[in-house]
1. Quick check on my filter: what residues within region 342-364 are part of a loop (DSSP other than H, G, I, E, B) and open to solvent by 20 Å² or more (accessible area, probe 1.4 Å)?
2. Would you point out the residue of region 144-156, among those that are of a type in the set (A, V, I, L, M, F, W, C) and touching a strand residue (DSSP E or B) at 6+ places or on another chain (Cβ under 6 Å), that is most open to solvent (accessible area, probe 1.4 Å)?
3. Return the pairs, sorted by first residue and then second, in which the second residue is of a type in the set (A, V, I, L, M) and in a helix (DSSP H, G or I), the first residue lies in region 324-353 and is more than 21 Å from ALA206 (Cα to Cα), the beta carbons are less than 6 Å apart, and the residues are 6+ apart or on different chains.
4. Listed residues GLU274, GLU243, GLU283; which is open to solvent by 60 Å² or more (accessible area, probe 1.4 Å), assigned to a helix (DSSP H, G or I) and in contact (Cβ under 8 Å) with a residue 40 or more places away in the chain?
5. Restricted to region 157-189, and to residues that are in a strand (DSSP E or B) and in contact with an Asp or Glu (Cβ under 6 Å, 6 or more places away or on another chain), which residue is farthest from ARG225 (Cα to Cα)?
6. Across region 170-192, what is the number of residues that are open to solvent by 10 Å² or more (accessible area, probe 1.4 Å), touching a strand residue (DSSP E or B) at 6+ places or on another chain (Cβ under 7 Å) and either among the aliphatic types (A, V, I, L, M) or over 24 Å from GLY258 (Cα atoms) (or both)?
Amino acid sequence: MTKKIVVTGIGASTPIGGTAVESWEALLAGESGIRTLENDWAEQYGLSVNFAGTAKVDPAEVLDRPVAKRLDPSSRFALVAALEAWADAGEPAVPSERLGVDWATGIGGLWTLLDAWDTLKEKGPRRVMPLTVPMLMPNAPAAAVSMHLEARAFARTVASACASSTESLSNAYEHLQLGLADVVIAGGAEAAIHPITLAAFNSAQALSKRNESPATASRPYNVDRDGFVMGEGAAALVLETAEHAVARGAKIYAEVAGGGVTADSYHITANDPEGKGAARAVELALSQAGASADEVTHINAHATSTPVGDIAEYTALHSVFGDRVQQIPISATKAATGHLLGGTGALEALFTVLAVQHRIAPPTINLVDQDPEIPLSVSSSVQPLGDGPQLAISNSFGFGGHNAVVAIRSV
């Protein structure tokens, strides 16, 4: 028997807010979290891009100092978001063996790895920290969350580039369906705003170069979009069976109704131009939700603001929804937050949960001249979704041809 899986807690640390509520309110207000970097990287390394979506609140300022010192920034973000979500869920009294963690990251402990390399070169091997490997490993965020919450059912890690944390949510849904846990905390984190990633993505012609106007650099669907903007942070959602949530009197935000995960097997960085893998992920998520494409009332698009990517996603959506896709309210929230890589899917799913709960589609900022080749219903202001039942999808697509979609339904 298919179980109903619901969201009972949310948490986030993002470029537009230190908490989930702050991030949501800033998103609705049309704020941008993209800013000029406050360091000497651009000049020191001759970088062509000197801006990004840095976190509004440093997680090291939220955590106890001894805890923060033993964690890479990616794990700090994960722990801050997870602890907020756990508190928001009312700290469920669930046996440790029935509490699981499904977490994700695209890159992992980049800062720890590269700092250790610098230490090795400059000061020798004896000065490399003993905790270097536990801090840099990609499963470190999942381990940090599971140890702090004493989650012993499992602590799993997904690393599928920018689709990572949407896949972690899909996994959480399936793990709860399988009865492997009663409660799962799922999400993703990334802390990869570093000279090496800025240089590498720029070399790949993937980043926007609007140094003169960072706040308007991420501009999905605009004719003159010129690349994505790096972001950092984390988002977490507490998922549990509806039966478990109701029994303990928990508040319920929305239902995670299904997930879809596919692979393009097309190119290591480029989307399949026909969008076949992305379309199948949408169809799988809707199938798992027991829903048809006609029931979808809102889409949080991957929409990174790259010239090719935005069109490829539109092609995929059109193949699923036909011309009706032009009437479905779409939000492209990376315009405000930048691209959190492995953390982006969880954050956008969180925004989608709040969208169906409040029955509004968040605005897409920086929409000035919409590309006529992408005739979607995108608005620079909040769009009402109506009072009836809501079914939304949140899309994520990553390097390597990874596609992941979650379907979220109002309750």
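1. Of everything in region 342-364, just one residue is part of a loop (DSSP other than H, G, I, E, B) and open to solvent by 20 Å² or more (accessible area, probe 1.4 Å), namely ARG359.
2. ALA155
3. Note: pairs meeting the criteria are VAL325/LEU317; ALA349/LEU169.
4. Details: GLU274 fails: assigned to a helix (DSSP H, G or I); GLU283 fails: in contact (Cβ under 8 Å) with a residue 40 or more places away in the chain.
The match here is GLU243.
5. Step one: filter region 157-189 for residues in a strand (DSSP E or B), giving 157-158, 183-189.
So of that shortlist, the ones also in contact with an Asp or Glu (Cβ under 6 Å, 6 or more places away or on another chain) come out as 158, 183-184, 186.
Details: VAL158: 30, VAL183: 41, VAL184: 38, ALA186: 32 Å.
Ranking the candidates gives VAL183 first.
6. 1
Per-residue answers, yes or no, for (1) surrounded by fewer than 20 Cβ atoms within 10 Å (Cβ to Cβ); (2) over 24 Å from VAL405 (Cβ atoms):
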site: PRO130; (1), (2): yes, yes
site: LEU136; (1), (2): no, yes
site: VAL158; (1), (2): no, no
site: SER168; (1), (2): no, no
site: LEU198; (1), (2): no, yes
site: SER208; (1), (2): no, yes
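Table: residues versus (1) farther than 19 Å from ALA281 by Cβ; (2) of a type in the set (Ser, Thr, Tyr); (3) surrounded by fewer than 24 Cβ atoms within 10 Å (Cβ to Cβ); (4) modelled with pLDDT of 95 or more.
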position	(1), (2), (3), (4)
HIS318	no, no, yes, yes
VAL325	no, no, yes, yes
SER331	no, yes, no, yes
ALA335	yes, no, no, yes
GLN383	yes, no, yes, yes
ALA404	no, no, no, yes
SER410	yes, yes, yes, yes
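The values are calculated or read from the model by the stated rules, or taken from the named source; none is laboratory data. Since the structure is predicted, the reported quantities are computational estimates derived from the model, not experimental observations. Quick reminder, even Gly has a Cβ in these numbers, built from the backbone with ideal geometry, and neighbours come from all protein chains shown. Side chains are part of the model used for accessible areas, which takes the heavy atoms of the whole protein and leaves out ligands, DNA and RNA. Shrake-Rupley method; radii C 1.70, N 1.55, O 1.52, S 1.80 Å.
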